[in-house]
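The values are calculated or read from the model by the stated rules, or taken from the named source; none is laboratory data. As the structure is a prediction and not an experimental result, all values here were calculated from the model. No Cβ is skipped: glycine too gets one built from the backbone with ideal geometry, and neighbour counts run over all protein chains shown.
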Amino acid sequence: MKMLRWMCGVTRLDKIRNDYVRGSVGVRDIADKMQESRLRWYGHIKRKPPDYVGNLAQLVDLPGRRPRSRLKTRWKDAVLNDKRECNVADEDIEDRAKWRSKVRKADPTSRGINSWEERERVSSIMRC
């Protein structure tokens, strides 16, 4: 964020939201980028033959119990949450164009700026 603000000539004292700065530069949120990359990799692995080492590694179930405290998020759990959020199923994986269109995130817009006065103030401050 610091680099994006520097590119636009905006400081934190200007009180401009991060969403607006990211939208004006045309950069996605890092969480969206990570989700997109996880799902791309998952689709890549699932399109490989069943005896591929990546598919075999996903089927491995380690013996024993997981600790009682808060469980660490596994890659498998993160992918399941991402698939649920993007409304994709395992049947969509074979059709690469369909999978890609569902997995890709749209570029952000200037959401978060509600009033016309705030838009005018922000546009006068920002030089992007």
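The condition of being basic (Lys, Arg), surrounded by 13 or more Cβ atoms within 10 Å (Cβ to Cβ), in a loop (DSSP other than H, G, I, E, B) and touching a residue at least 40 places away in the same chain (Cβ under 8 Å) holds for Arg28.
Screening Leu59 with (1) more than 23 Å from Leu4 (Cα to Cα); (2) modelled with pLDDT of 85 or more gives one miss only, at (2). The residues listed here are Arg74, Arg40, Arg22, Arg66; of these, the one that is of a type outside the set (Gly, Ala, Ser), closer than 23 Å to Lys105 by Cα and modelled with pLDDT under 85 is Arg22. Being of a type in the set (Lys, Arg), at pLDDT 85 or above and surrounded by 13 or more Cβ atoms within 10 Å (Cβ to Cβ) holds for only one residue in Lys98, Lys105, Lys33, Lys48, and it is Lys98. If the condition is being surrounded by 13 or more Cβ atoms within 10 Å (Cβ to Cβ) and not assigned by TED's automatic domain parsing to the domain that holds Ile93, then segment 59-82 contributes no residue at all.
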